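Accompanying notes for the structure given below.
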Amino acid sequence: MKKIKDVTAIGPASSANLGSGFDCFAIALDNLYDTVKITKSKNPGITIKNLGLKTGIPNDPKEHTGGIVAINIIKEFNLQGINMTVKKGVTPGKGLGSSAATAAAVTVGMNKLFSLKLTNEEKLKFAASGEVASAGISHADNVAGSLFGGFVVINSSTCEDIVSFSPPKNLHVCIGIPKVKPVAKKTGKARKLIPSKVKFTDSVSNVSYAAMMVAGFSTGNKRLIGKSMNDNIVEPARFSTIPNYYKLKSELLKIGALGVTISGAGPAVISFLDNKTSIPKIRQCFKKQFKSAGYDSSVILTKIGKGARVIN
Ligand code: HSE
């Protein structure tokens, strides 16, 4: 068999939580991805070159999401060194799984380059180890979305059970991103806002929303998916970090969004729609509500997409 010298892999953006699925739900986002080229090197260790968006992402592998993943894989399998070029397509700090996109691409790229035959659980473990660079802990929901695509559910305690559902047809995703001041280590800070104890009644309602979300995806019921994008625990703890959040959510729902919630740790806000005709109104609503709080914004229209893959 011919030995491969290099691979190029892509890792899509993702949106985690979807309301009640904190750390255990995520979707992959279509058409928005990081590209990573990995080349075997004669020298030990890892070099990283960052291209694409001007992100200020460090080149030191120990501080780089993809670098940490590569360090851990090299150590585990006693591999030779690599050179890595990362082209960022997913802007960091927006709640769109930017670090996970890189981590997922590096994981599938290394798997192919060194013929590692990693299981899904192993891929998840290695990719999640890269999240330490941005969140301070290795939460696995974004990387699960980026790695496996579709709507992904994982057991956040063990990272051992991974189930991915294909999205129903014509489920459109519209995401508004307010131009708020970037916050360093944003996800770690947003996690500190979450209470360590919650009311029993809130946990009961969150379990109901989460169960209905899974039921919605498993039966392809878009209305049920949208109605389940709610959360009585994390959303109330984080809403104040997003300009005009509750007004924006209620206006989007009034004009036809199926459901609205914070994308990951924010500040992006994700909405699901079941037809294209409402897109211009939804876009306008995002712009208007963020503007009324004093912020410009951008709006992305996408769909639930496929997971990370080697393209070359
Ligand atoms: N579940 C993580 C969090 C996702 O909300 O902190 C971060 O994108």
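The values are calculated or read from the model by the stated rules, or taken from the named source; none is laboratory data. All values reported here derive from a predicted model rather than from experimental measurement. In this analysis, Cβ positions are derived from the backbone assuming ideal geometry, glycine residues included, and neighbour counts consider all displayed protein chains. Each accessible area value is taken on the protein alone, full model and side chains, heavy atoms only, with ligands, DNA and RNA left out. Shrake-Rupley method; radii C 1.70, N 1.55, O 1.52, S 1.80 Å.
Values as computed for the structure displayed
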| quantity | calculated |
| --- | --- |
| Where VAL204, VAL180, VAL260 fall by accessible area, highest first, once all protein chains stay in place (1.4 Å) | VAL204, VAL180, VAL260 |
| Two-decimal Rg to Rh for the stretch 79-147 - Kirkwood Rh, Cα set | 0.96 |
| HN-Hα J in Hz across the stretch 160-177 - Karplus 6.51, -1.76, 1.60, θ = phi - 60°, x for Gly and Pro | 9, 10, 10, 10, 10, 10, 6, x, x, 5, 6, 9, 8, 10, 10, 10, x, 10 |
| Note, ³J(HN,Hα) from phi for the stretch 271-278, Karplus 6.51, -1.76, 1.60, rounded to Hz, x at Gly and Pro | 10, 9, 10, 10, 8, 6, 5, 7 |
| Net charge dipole size for the stretch 83-199 [Lys, Arg +1 and Asp, Glu -1 on Cβ; Debye, nearest 20] | 680 debye |
| Debye log10 I(q)/I(0) for the stretch 183-298, one point scatterer per Cα, at q = 0.11, 0.17 Å⁻¹ | -0.40, -0.92 |
| Computed E for SER240/GLU122 - FRET, C-beta separation, R0 35 angstrom, nearest 0.05 | 0.35 |
| Gain upon complete extension [ILE4, THR47; 0.36 nm per residue less C-alpha separation] | 13.6 nm |
| Under 5 Å, built H, 5+ apart or other chain: amide partners of ALA13 | LEU29, LEU32, TYR33, ASP34 |
| Estimated inter-spin distance, ASN170 and THR277, nm [label 7 Å along Cα→Cβ] | 1.0 nm |
| Heavy atoms of VAL207: accessible area, 1.4 Å probe, square angstrom to 10 | 100 Å² |
| Out-of-range pairs (alpha-carbon distance over 21 Å; input LYS40/LYS94; LYS88/LYS179; LYS227/LYS303; LYS49/LYS306; LYS179/LYS288; LYS49/LYS186) | LYS40/LYS94; LYS49/LYS306; LYS49/LYS186 |
| Rounded Å value of the spacing that divides the Cα centres of the stretch 1-20 and the stretch 141-218 | 19 Å |
| Globularity index of the stretch 41-187, i.e. its alpha-carbon radius of gyration over 2.2 N^0.38 Å | 1.06 |
| The stretch 12-24 - phi-based ³J(HN,Hα) in whole Hz, Karplus 6.51/-1.76/1.60, Gly and Pro as x | x, 5, 8, 10, 9, 5, 6, x, 7, x, 3, 6, 10 |
| 222 nm mean residue ellipticity, helices alone, for the chain (DSSP H n ≥ 4; -39,500 (n - 2.57); rounded to 500) | -10500 deg cm²/dmol |
| Stokes-Einstein translational diffusion, the chain - Kirkwood Rh over all Cα pairs, 1.567 mPa s, 4 °C, in µm²/s | 67 µm²/s |
| FRET efficiency, 1/(1 + (r/R0)^6) with R0 35 Å, evaluated for ILE311 and PHE200 via beta carbons | 0.15 |
| Alpha-carbon Debye profile of the stretch 236-303, log10 I(q)/I(0) at 0.20, 0.26, 0.27 Å⁻¹ | -0.76, -1.31, -1.41 |
| √(5λ) per eigenvalue of the Cα gyration tensor, the stretch 132-207, largest first, Å | 23, 20, 17 |
| Accessible surface ranking that places the most exposed of TYR245, TYR209 first, with a 1.4 angstrom probe | TYR209, TYR245 |
| Residue-level accessible surface for TYR246, protein heavy atoms, 1.4 Å, Å² | 90 Å² |
| Segment GLU76-SER115, length gained on full extension (0.36 nm per residue, minus Cα span) | 12.7 nm |
| The chain: relative contact order in percent, alpha carbon pairs under 8 Å with at least 6 residues between | 25 percent |
| Heavy atoms of ASP30: accessible area, 1.4 Å probe, square angstrom to 10 | 70 Å² |
